[in-house]
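*Asks:* Have a look at this one.
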Amino acid sequence: MREITYLEAIREAMSEQMRENPDVYIMGEDIGIYGGGFGVTRGMYEEFGGERVRNTPISEAAISGAAIGSAITGMRPIFELQFSDFITIALDNIVNQAGKIRYMYGGKAQIPLVMRTPSGSGTGAAAQHSQSLENITAHIPGLKVIQPATAYDAKGLLHSAIEDNNPVMFYEHKLCYKTSSDVPEGKYLIPIGVADIKREGTDISIVATGIMVHKALEAAEILAKDGINIEVVDPRTLVPLDKETIIKSVIKTGKAIIVTEAVKRSGFSAELASVIAESESFDFLDAPIIRLAGKEIPIPYQPELEKLAVPQVDDIVAAARNMMKKN
């Protein structure tokens, strides 16, 4: 099997879907000849032309509105928001239209729409281009929310998202774009709502999302030298959430650390903690659940301050050692 980057895996999934289904097309800012802000759509304009790789004005409200209208008519649009921070401008369309239309029309109208967007910090893009806002859309009924961490997962989950008849939010962490993993050639589907155990372990379950999966795996290798055996659980999909895999892991290890990049207050880490606390796995806990998440500040521009704003490998290692020391 060949190894490709996360970015290439996303491009492959979109290209394969567009070759297979003429109703699939892409729209967004600078996604044509320029290839998108991060180069994800580079080369697609040359293959599919301007009718199916459509540049749009700089208006997230216009892009989301057009994409929703197009999806209702039976097309399968993928729209790209250049930075997930600007989802706030498109929220009325996403929350009050895309998320509700199927319900309000008694299932007679479908919204087969995928919104792809780069998110997260680590690139020095400062406060308005570095947030992790996936929790906003995870809170809204009617939307599915995917947050893949690896190239393999990104391709398989994007194929599934494009073929889904519901609106799907697809968050791509910017630092994941250059990471790579083994990815099959051709189409394959990863079911939406199925978590993945990225590393088997027996001492602590670390439930991590997005780029934090990579940091958790790095921390697990360091902790292994101390004799601490970490299990890393990647939900991959926030909505629907695979609660069963998380609960089984915590029952096995008896300890849970949750690691997300989004701000801790009212973040998705709280949802993951409540899944554990409200389940049978609570009776197996022999230590309080630890949440590592973003600080309650806008993401700084200065690189060292930017790192301090979100969990790093050292933070995960320290939390795990402390948890083991107390037990």
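The values are calculated or read from the model by the stated rules, or taken from the named source; none is laboratory data. Note that the structure is predicted; figures quoted are calculated from it, not measured. Here the Cβ positions follow ideal geometry from the backbone for every residue, glycine too, while neighbour counts run over all protein chains shown. Accessible surface areas use protein heavy atoms only, side chains included; no ligands, DNA or RNA. Shrake-Rupley method; radii C 1.70, N 1.55, O 1.52, S 1.80 Å.
*Asks:* How large is the Rg to Rh ratio of segment 190-252 when both quantities use alpha carbon positions and Rh follows Kirkwood?
*Replies:* Values: Rg = 11.5 Å, Rh = 11.7 Å.
We get a ratio of 0.98 for segment 190-252.
*Asks:* Here is a follow-up. Calculate, in nm to one decimal, what Lys178 and Asn55 gain on full extension: separation in residues at 0.36 nm each, minus their alpha carbon distance.
*Replies:* Values: separation 123, 0.36 × 123 = 44.28 nm, distance 2.42 nm.
Between Lys178 and Asn55, full extension yields 41.9 nm more.
*Asks:* Could you give the longest part of the chain that holds none of the trypsin sites (Lys or Arg not before Pro) found in DSSP loops with at most 13 neighbouring Cβ atoms within 10 Å?
*Replies:* Working: sites that count: Arg2, Lys108, Lys178, Lys225, Arg265, Lys326.
By the stated rule (loop sites, at most 13 other Cβ atoms within 10 Å), 3-107.
*Asks:* Separate question: With a 1.4 Å probe and all protein chains in place, put Phe83, Phe268 in order of accessible area, largest first. Spell out each step's value before the answer.
*Replies:* Numbers: Phe83 35, Phe268 15 Å².
Sorted by accessible area, descending: Phe83, Phe268.
*Asks:* Could you state the accessible area per residue of segment 196-247 in Å², with a 1.4 Å probe and every protein chain left in place?
*Replies:* With the other protein chains kept in place, segment 196-247 gives 34 Å² per residue.
*Asks:* Sticking to Cα atoms, compute the Rg of segment 138-209 to one decimal and its Dmax as the biggest Cα-Cα distance, whole number, in Å.
*Replies:* 13.4, 40
*Asks:* Pop out the carbon and sulfur fraction of the accessible area of the chain as a percent, whole number, probe 1.4 Å.
*Replies:* On the way: 7310 of 13730 Å².
Roughly 53 percent of what the probe reaches on the chain is carbon or sulfur.
*Asks:* Same structure again: Between Lys252 and Lys325, what is the label-point separation in nm under the 7 Å Cα-to-beta-carbon projection?
*Replies:* About 2.8 nm, to one decimal.
*Asks:* How many angstrom lie between the C-alpha centres of segment 82-119 and segment 287-309?
*Replies:* The two parts, judged by their Cα centres, are 28 Å apart.
*Asks:* Here's a follow-up. Express in nm, to one decimal, how much length is gained between Leu189 and Tyr301 on full extension, taking 0.36 nm for each residue of separation and deducting their alpha carbon distance.
*Replies:* Details: separation 112, 0.36 × 112 = 40.32 nm, distance 3.77 nm.
Length difference between fully extended and current span is 36.6 nm.
*Asks:* Remind me, what semi-axes does the chain give for its equivalent ellipsoid, largest first in whole Å, using sqrt of 5 times each Cα gyration tensor eigenvalue?
*Replies:* On the way: eigenvalues 226, 84, 72 Å².
They are 34, 20, 19 Å, listed largest first.
*Asks:* In debye to the nearest 20, how big a dipole does segment 44-201 give about its Cα centre with +1 on each Lys and Arg Cβ and -1 on each Asp and Glu Cβ? List each step's numbers first, then the result.
*Replies:* Details: 14 positive and 16 negative charges, 66 e Å.
The calculated dipole for segment 44-201 is roughly 320 debye.
*Asks:* With every protein chain left in place, what is the accessible area per residue of segment 95-188 in square angstrom, probe 1.4 Å? Could the numbers behind the result be given before it?
*Replies:* Details: 3470 Å² over 94 residues.
Here the per-residue accessible area is 37 Å².
*Asks:* In addition: If you take every residue apart from Ile299 with its C-beta less than 12 Å away from the C-beta of Ile299, what net charge results, scoring Lys and Arg +1 and Asp and Glu -1?
*Replies:* Numbers: positive: Lys174, Lys295, Lys307; negative: Asp85, Glu261, Glu296, Glu306.
Overall, the nearby charge balance is -1.
*Asks:* Then there is this: Give the relative contact order (percent, whole number) for segment 11-135; include only Cα pairs under 8 Å separated by 6+ residues. Let's see the in-between values first.
*Replies:* On the way: 199 pairs, mean separation 28.4, N = 125.
Relative contact order comes out at 23 percent.
*Asks:* Quick one: of Lys174/Lys248; Lys100/Lys243; Lys243/Lys325; Lys155/Lys243; Lys178/Lys248; Lys100/Lys187, which pairs are farther than 26 Å apart, Cα to Cα?
*Replies:* Lys174/Lys248; Lys243/Lys325; Lys178/Lys248; Lys100/Lys187
*Asks:* Could you work out the relative contact order of segment 138-275? I mean the mean sequence separation of Cα pairs under 8 Å and 6+ apart, divided by the number of residues, in percent. Write down the numbers at each step before the final one.
*Replies:* On the way: 255 pairs, mean separation 37.6, N = 138.
Averaging sequence separation for qualifying contacts and normalising by length gives 27 percent for segment 138-275.
*Asks:* Just from its helices, what would the mean residue ellipticity at 222 nm be for the chain, if runs of 4 or more DSSP H residues each count -39500 (n - 2.57) and the sum is divided by every residue, rounded to the nearest 500 deg cm²/dmol? Could you put the intermediate results ahead of the total?
*Replies:* Values: 12 runs with 115 residues, N = 327.
The helix contribution divided over the chain gives -10000 deg cm²/dmol.
*Asks:* Could I ask something else about it? First check a/c for segment 210-327, with a ≥ b ≥ c the square roots of the eigenvalues of its C-alpha gyration tensor; if it is under 1.5, answer rounded, and if not, answer prolate when a/b is larger than b/c or oblate otherwise. Display every interim value, and only then the final one.
*Replies:* Working: a/c = 1.84, a/b = 1.26, b/c = 1.46.
The shape class here is oblate.
*Asks:* Further question on the same structure: Given the C-alpha atoms of segment 23-83, compute the convex hull and give its volume per residue in Å³.
*Replies:* Working: hull volume 4.2 nm³, N = 61.
Measuring per residue, one finds 68 Å³ for the Cα hull of segment 23-83.
*Asks:* Can you tally the net charge around Ala270? Count Lys and Arg as +1, Asp and Glu as -1, for every other residue whose Cβ sits under 10 Å from the Cβ of Ala270. Can you show the working numbers first?
*Replies:* Working: positive: Lys264, Arg265, Arg291; negative: Glu271.
Computed value for this residue: +2.
*Asks:* Still on this structure: With +1 on each Lys and Arg Cβ and -1 on each Asp and Glu Cβ, how big is the dipole of the chain about its Cα centre, in debye rounded to the nearest 20? Before the final figure, lay out each step's value.
*Replies:* Numbers: 33 positive and 43 negative charges, 83 e Å.
Taking the Cα centre of the chain as origin, the dipole is about 400 debye.
*Asks:* Once the other residues with Cβ under 10 Å from the Cβ of Tyr171 are scored (Lys, Arg +1; Asp, Glu -1), what is the net sum? Intermediate results must be reported in sequence, preceding the final value.
*Replies:* Values: positive: Arg116; negative: Glu134, Glu172.
Spelling it out: positives minus negatives among the neighbours equals -1.
*Asks:* To continue, here is another question. What order do Ile230, Ile222 take when sorted by accessible area (1.4 Å probe), most exposed first?
*Replies:* On the way: Ile230 0, Ile222 60 Å².
The most accessible residue leads, giving Ile222, Ile230.
*Asks:* May I pose another question? Rounded, prolate or oblate: which fits segment 67-109, taking a ≥ b ≥ c as square roots of the Cα gyration tensor eigenvalues, rounded meaning a/c under 1.5, else prolate when a/b beats b/c?
*Replies:* Numbers: a/c = 3.67, a/b = 1.57, b/c = 2.34.
Oblate.
*Asks:* Right, next: Can you give me the angle between helix 6-20 and the longest principal axis of the chain, using Cα atoms only, in degrees from 0 to 90, rounded to the nearest 10?
*Replies:* Relative to the chain, helix 6-20 is tipped by roughly 40 degrees.
*Asks:* Can you give me the relative contact order of the chain as a percent, contacts being Cα pairs under 8 Å and 6 or more apart? Don't skip to the end; give the middle numbers.
*Replies:* Details: 732 pairs, mean separation 52.6, N = 327.
Rounded, it is 16 percent for the chain.
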